[in-house]
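Chemist: Please find one structure pasted underneath; my questions will follow.
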Amino acid sequence: MFNLFKKKKKIFPMKEEEILFFKNVINILPKKYLYLYSQINDNFLLGFEKYSLNYKDSYVIIYNAKLEKVYLNIKLPKFFILKSIKSLEY
């Protein structure tokens with residue numbers, strides 16, 4: 001009723017390995033997405049959390065909405081999903 005027992009979502013901070021992962025993903029995307037590279041920084045990306053619909057290994061990136069207009073590319077959609085990205089661990 002009042003969400004007294006609702007479990008709070010855990011927001012994970014961005015670590016250097018996540019930053020590097022996203023930069024590497026952007027490097028293999030088509031060139032029209034290279035503008036995303038400048039968004040991979042501590043001021044804009046605040047962290048990530050598990051996707052609320054509980055899809056296995058799905059996460060949502062939390063960003064600084066105050067800086068959204070700085071990084072917006074009006075030629076491309078505001079929202080898109082990258083999926084089926086695998087991280088190789090050595």
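Chemist: Please list, ordered by first then second residue, the pairs with beta carbon atoms under 6 Å, 6 or more apart or interchain, first in segment 43-72 and acidic (Asp, Glu), second part of a strand (DSSP E or B) and open to solvent by less than 60 Å² (accessible area, probe 1.4 Å).
Modeler: GLU49/VAL60
Chemist: Residue check, LEU53 against (1) within 13 Å of the chain's Cα centre (by Cα); (2) open to solvent by 70 Å² or more (accessible area, probe 1.4 Å); (3) closer than 19 Å to LYS10 by Cβ, all met but one. Which one?
Modeler: For LEU53, the exception is condition (1).
Chemist: Can you name the condition, by its number, that GLY47 falls short on among (1) open to solvent by less than 100 Å² (accessible area, probe 1.4 Å); (2) at pLDDT 85 or above; (3) outside any strand (DSSP E or B)?
Modeler: (3)
Chemist: Being in a loop (DSSP other than H, G, I, E, B) and open to solvent by 40 Å² or more (accessible area, probe 1.4 Å) is the filter here; which residues of segment 30-44 pass it?
Modeler: PRO30, ASP42, ASN43
The values are calculated or read from the model by the stated rules, or taken from the named source; none is laboratory data. Worth saying up front: this structure is predicted, and the values here are computed from it rather than measured. So basically every Cβ, Gly included, is an ideal-geometry build from the backbone, and we count neighbours across all protein chains shown. The area values use the complete protein model at the heavy-atom level, side chains included, leaving out ligands, DNA and RNA. Shrake-Rupley method; radii C 1.70, N 1.55, O 1.52, S 1.80 Å.
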